Amino acid sequence: MSLFIQQVINGIMLGSVYSLVALGLTLEYGILHIPNFSHGALYMVGAYVTFLLATTVGLNFWLAMIVAMAALAFIGILVERLVYRPLMLESPLSSFIAAIGLIFIFVDGALNIFGPDFKRFPPVHSQVFHMAGTTITLQRILIILVTVLLIVLLHLFIKKTMIGATIEATAQDLEGAQLMGISITRVRMTVFALGTALAAAAAALIAPIHLVHPGMGGPVILKAFVIIILGGMGSIPGAIVGGFIMGLVEALSGGYISTSYNEVFAFGVLVLVLAVRPTGLFGAK
Amino acid sequence: MEPFAQSQSMRRYAFLLIIVFAFTIPLFVTSRFYLHVLIMCCIWGMAATSMNLIMGYTGQVNLAHGAFFGIGAYASGLLILKLGFNFWFAMLVACLITVLVGFFMGVLALRTKGSYFAIGTMCFNVIVTVIIDSWDTLTEGARGLLGIPRPPSIPLLFGKEISFSSLVPNYYLVLVFLLFTLFVVHRIVHSMMGKSFAAVRGNEELAESLGINAMGTKLMSFLISTFLAGLAGVLYAAYIGFLSPEISDYHVTFELLVFCLIGGLGTLVGPLIGAFILTIVSELLHGLAFPRLVIYGFLLIIIIIFLREGIAGGVRKLWLKVAQEGGR
C-alpha cells in the first residue's frame, strides 16, 4: 500500500511538470497551429538558466526560477519572430521541420557549452516528511503547489485580462478575431512568451529532483504531444488532466512493471489512439 | 530541338558521365580514408533517397525512417550472427522483416495526416529504439552487436573471386545498390504509380475523388521506402560490422531529413547531393571540436524559410531559365 501511495505522489509530481509543459504546447499548437517541437529544447534551456542563476550567480531558488521564466519568455518571443513568423502562411509541417532545426541548435549548443554530463543542483527544500509509510521531500510538495498556483494564474490571465480575451478570441476564430481588430502578431507573441515561461517553470521545478542535461527535453516534449493529442488541441483542461494522467501512468507502471519500457507504454497508447481516431480523442472529425 | 527535350537528353548524358566517373573513382582514389567516406556517402545517400520517396514524392513526413534503417541493420546482423544465415539471404529476409514492421506501422499511422503523422511516426521511432536498447537477450542492448562479418566472396569464372575484405569491392557493392535504389525510385516516379503518389501529395481528397485509393497509394510508397531503408541498413551493418541502438535513433531520422531538405525534396538527385556534401563535410571535420548539429540547425531553418526546394531545386530553376533563354 505504501508503495502505491508513494507512486501516486510521484505521479502527481511528474504530472505537474507534464501539465505545465503541455499547457504551453497546447496554446501554441491548438491556438496558433504551430507544432512547436522545440518546446522541449526550450524547457531544457530553462533548466540550465535556472541552474546557472542558482549556482554561479547564487540567486535564491525561487528568484532564479522567476528570472529564468522571464528570460525564456524573451527567447520564446524571439523564436516566434525569427522562425515561425516567416512560416505563418505555410503548412504546419514547415514549422515542424523548422522546429527540428531549433532542437539541433539548442540541444547541440547546450552540449557544446555545458558538456554531456549531468548537472546536480545543490539541495534545496530537502526537508523530509514521513506519512503513512511514505517519504516525501518538501521540494515535491512545493512542485505540486507552485504548479497549481501557476495554473490558477494562467486561468485568471486568460479570463480576466484584455490580452487573455484576445487569445481566447483567436482560439475560437482567427479570421473573426482579426476582423475585430485583434493584432494576431501580438497574440502570437503573448502565447509564445507564456508557453515558454511555463516550460521554464516546469524545468526549474523538476531540476533539483531529476538532473539537468542537454537531452532532458526530448522525452518530455514527446509526452507533451501525446497529452495534447489525447486531451484535445488547444484545450487547457485537457492539457492539465492529460498531464496528471500521464504522470500517474508513468509512475505506477514504473513502480509495478518496469521503467525501461516507460516510453513504449506512453507512445504505444498514442499510436493506437491515432489509429482509431486519426485527429485525436477530442479533435474535430 | 525543343528546349525541354534538349535539356532532357543533356541530363541523360550528364547522368551517364557521372555513373562512369563513379565507377572509375577507385582508379585514382587510393586513400583508405577517402574510400571510407565515399562508402558512407553511398549508404546515407541510399537511406536519404528512400526517405525522399515517401516524404518528397508522396508528401508524408515519415519521422520513423531511422527506425527502419535500424531494423534492417539489426535484422540482418542478428540473422547472420545468431542464426548463421548467408549474407545475401539475410539481406533479403531483413528487408522483408523491415517491410513487415513497416506494414503494421503504416496501416496504423497512415490514417493520420500532416503533423499528426509526423508525431505518430516519431513516437514509433522512439519505441523501436527503446525496444532494441532494452531487449538485450536478443539484441545485446546497449553493449551493441559486435562482429558482423563482411559479405562472403562472390566466386567468378577461372577460380577468381570478388572478396569483400578490402575497401574497393565494398565501394562497388554499395555503389551498385545505390544505383539500384536510384533506378527503382526513378522508374516509380515516372510511372503511373508515381503520378498517383504526386496526386496524393498535392491534395488527398481531390485524388480520392479521381478514383485514386489514397490509403493504398500512401501504403505502397511507405512500404517501398521502408524496403529501401532496410536495404541501406543491411549494407551499413555489413560494412561497419558493429551496431548499437543509436543507429535506429530519431537523430538518424533527423539527419536524413536534413540531407533531403538541403539537397532538395522531391528531386531525384537532391537527397543524394545533400547526403554526399554533408557526409563529406562532417567526416572531414570529424577530429575538430565543431558544433556540427548547430550548423545543421541553422541550415535547416534557413532552407525551410528561404530556399524551399533545396540545392537541386535551385539549380533546376536556374537550368530551366538558361535552357529557355538558349532556345529562344
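The values are calculated or read from the model by the stated rules, or taken from the named source; none is laboratory data. As the structure is a prediction and not an experimental result, all values here were calculated from the model. Ideal geometry is used to build each Cβ from the backbone, glycine not excepted, and the neighbour counts take in all protein chains shown.
Where helices (runs of 4 or more DSSP H) sit wholly within the range A:205-284, those with at least 3 residues that are away from chain B (no Cβ under 13 Å) occupy A:236-256.
Looking at B:PHE158, B:PHE164, just one residue is modelled with pLDDT under 85 and over 23 Å from the mean Cα position of the chain (by Cα), and that residue is B:PHE158.
Of everything in the range B:124-170 that's more than 14 Å from chain A (Cβ to nearest Cβ) and at positive phi, which residue is surrounded by the most Cβ atoms within 10 Å (Cβ to Cβ)? The qualifying residue surrounded by the most Cβ atoms within 10 Å (Cβ to Cβ) is B:GLU140. Determine whether A:ALA197 is buried (at least 19 other Cβ atoms within 10 Å of the Cβ) and either of a type in the set (Ser, Thr, Tyr) or closer than 25 Å to A:TYR18 by Cβ (or both). Yes; evaluated as a whole, the condition is true for this residue. When residues in the range A:122-147 are screened for being in contact (Cβ under 8 Å) with a residue 12 or more places away in the chain and within 18 Å of the chain's Cα centre (by Cα), 6 of them pass.
Among the candidates B:ILE71, B:ILE97, the residue that is surrounded by 24 or more Cβ atoms within 10 Å (Cβ to Cβ) and outside any loop (DSSP other than H, G, I, E, B) is uniquely B:ILE71.
Yes/no per residue for (1) more than 21 Å from B:ALA232 (Cβ to Cβ); (2) in contact with a helix residue (DSSP H, G or I) (Cβ under 6 Å, 6 or more places away or on another chain); (3) aromatic (Phe, Trp, Tyr); (4) facing another protein chain (nearest Cβ under 9 Å):
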site: B:ALA75; (1), (2), (3), (4): no, yes, no, no
site: B:LEU78; (1), (2), (3), (4): no, no, no, no
site: B:LYS82; (1), (2), (3), (4): yes, no, no, no
site: B:PHE85; (1), (2), (3), (4): no, yes, yes, no
site: B:TRP88; (1), (2), (3), (4): no, no, yes, no
site: B:LEU92; (1), (2), (3), (4): no, no, no, no
site: B:ILE97; (1), (2), (3), (4): no, yes, no, no
site: B:PHE103; (1), (2), (3), (4): no, no, yes, no
site: B:GLY120; (1), (2), (3), (4): yes, yes, no, yes
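Being under 29 Å from B:LEU63 (Cα atoms) and not β-branched (Val, Ile, Thr) holds for only one residue in A:LEU138, A:LEU150, A:LEU87, A:LEU145, and it is A:LEU87.
Consider the range A:178-190 and keep the residues that are part of a helix (DSSP H, G or I) and among the hydroxyl-bearing types (Ser, Thr, Tyr). The one that is modelled with the highest pLDDT is A:THR190. Output the number of the condition that A:PHE118 fails; it satisfies all remaining conditions of (1) within 14 Å of another protein chain (Cβ to nearest Cβ); (2) closer than 16 Å to A:ALA204 by Cα. Of the numbered conditions (1) within 14 Å of another protein chain (Cβ to nearest Cβ); (2) closer than 16 Å to A:ALA204 by Cα, the odd one out for A:PHE118 is (1). Across the range B:265-281, which residue is nearest to A:PRO116 (Cα to Cα) among those that are within 14 Å of chain A (Cβ to nearest Cβ) and in contact with an Asp or Glu (Cβ under 9 Å, 6 or more places away or on another chain)? Per the criteria, the residue is B:LEU278. A residue that is buried (at least 24 other Cβ atoms within 10 Å of the Cβ), in contact (Cβ under 8 Å) with a residue 12 or more places away in the chain, under 30 Å from B:ALA207 (Cα atoms) and touching a Cys at 6+ places or on another chain (Cβ under 7 Å) can be found somewhere in the range B:55-63.
The residue that is farthest from B:VAL185 (Cα to Cα), counting only those in the range B:57-73 that are within 14 Å of chain A (Cβ to nearest Cβ) and not hydrophobic (A, V, I, L, M, F, W, C), is B:GLY66.
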